[in-house]
1. Please work out which residue is nearest to residue 22 (Cα to Cα), limiting yourself to region 84-115 and to residues that are among the acidic types (Asp, Glu) and either surrounded by fewer than 16 Cβ atoms within 10 Å (Cβ to Cβ) or without any contact (Cβ under 8 Å) to a residue 40 or more places away in the chain (or both).
2. Find the strands (runs of 3 or more DSSP E) located wholly in region 1-71 whose residues include 1 or more that are more than 23 Å from residue 135 (Cα to Cα) and modelled with pLDDT of 85 or more, and list them.
3. Just one of (1) assigned by TED's automatic domain parsing to the domain that holds residue 114; (2) free of Cβ contacts under 8 Å to residues at least 60 places away in the same chain trips up residue 213, so point out which.
4. Does any residue of region 182-194 turn out to be surrounded by fewer than 15 Cβ atoms within 10 Å (Cβ to Cβ) and either assigned by TED's automatic domain parsing to the domain that holds residue 237 or among the hydrophobic types (A, V, I, L, M, F, W, C) (or both)?
5. Before we move on, is residue 225 in a loop (DSSP other than H, G, I, E, B) and either within 30 Å of residue 255 (Cα to Cα) or at pLDDT 95 or above (or both)?
6. Of the residues that make up region 156-177, is at least one under 30 Å from residue 31 (Cβ atoms) and assigned by TED's automatic domain parsing to the domain that holds residue 29?
7. Evaluate the following for residue 109: is it out of contact with any helix residue (DSSP H, G or I) (no Cβ under 6 Å at 6 or more places or on another chain) and of a type outside the set (D, E, K, R)?
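The values are calculated or read from the model by the stated rules, or taken from the named source; none is laboratory data. This is a predicted model, so every value here is computed, not measured. All Cβ positions, even for glycine, are placed from backbone atoms using ideal geometry, and neighbour counts span all protein chains on display.
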Amino acid sequence: MHRIVDATEFETAYPDRRAVSTIEIDTPLTSRGRLVELAQSHPADLVEFNPGELPISVSPDNVPEAGMSAAETIEKIGTVNSWMTIRNLEQDDAYRALAFGIIDSLKPTIEAATGEIMRREAFMFISSPGAVTPFHIDEEHNILIQIEGTKTFTIYSQHDRELASQTDLERFHSGAHRNLTLNPELAGRGEPIHMKPGTALYVPPLAPHHVKVTSDVPSLSLSITWRSDSSKRACYLHQINHKLREQGANPKFPGENPLGDTLKIWKTSAAARLGRLAGK
């Protein structure tokens, strides 16, 4: 059984604000043995694991190798400080049914606000006690569900350009790493959300955040993400602006000039079509 028990806050907050809901999940798919099986059978490039002793703000170039296999990480997660992510769970039929069933229960609210649910994906996070996920951004709509253990998820406004500047977002959408540098003087702007088993947190696209496991047992979380027309449009505009900035322009932030945004998209799309035709 897996169902959202109380999605009242989600219904009023989506898609602009974070929302905390309650969920019930009862499935053998989250057992340690089943996750080891998944990690061993899943494509190796979809399993990421890192040491857990990281500062909140860290460059990806300074993150050392974890030094263990995915299966070893899961088996020893309670005694070694590390965290891992199993990406694209939807490639497994059972995990896809679990994740997509949860999203489908919220479909009326989501589609009324942002239209068709696009590119649904699911991820499992397994973290040692005390493990830190550094300050970063993600482009998708996200519901993070705490299954075991507890963690503090500190979230910041996606509209705060001192935390994630326009150029930060342009570089991110054009291929740069998701990790950002957090100015210690701005750290207090975050809202710490204490997640326990049964907590479901909605995270809007591009809302910066960092996470720390606070329990003395490992943390297990399920993340379900999706895109919408608005999030895809914003991504495309940041990519266009990145190219314009490289050419010396100072483009406006997406949404500041809707007509200008539309013209930029039309011009870029037309140039791409002409380029394809010229290549034939």
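1. 104
2. On the way: elements: 2-6, 19-25, 47-51.
It comes to 19-25.
3. (2)
4. Residues of region 182-194 that are surrounded by fewer than 15 Cβ atoms within 10 Å (Cβ to Cβ), as a first pass: 183-186, 188, 191-192, 194.
So of that shortlist, the ones also either assigned by TED's automatic domain parsing to the domain that holds residue 237 or among the hydrophobic types (A, V, I, L, M, F, W, C) (or both) come out as 186.
Yes, because at least one residue in region 182-194 is surrounded by fewer than 15 Cβ atoms within 10 Å (Cβ to Cβ) and either assigned by TED's automatic domain parsing to the domain that holds residue 237 or among the hydrophobic types (A, V, I, L, M, F, W, C) (or both).
5. No.
6. No, region 156-177 contains no residue that is under 30 Å from residue 31 (Cβ atoms) and assigned by TED's automatic domain parsing to the domain that holds residue 29.
7. Judged against the criteria, residue 109 is not a match.
Each row is one residue, and each column tells you yes or no for (1) closer than 25 Å to residue 110 by Cα; (2) surrounded by 20 or more Cβ atoms within 10 Å (Cβ to Cβ); (3) touching a Leu at 6+ places or on another chain (Cβ under 9 Å).
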| residue | (1), (2), (3) |
| --- | --- |
| 122 | yes, yes, yes |
| 128 | no, yes, no |
| 143 | yes, yes, yes |
| 149 | no, yes, yes |
| 160 | yes, no, yes |
| 168 | no, no, yes |
| 175 | no, no, no |
| 179 | no, yes, no |
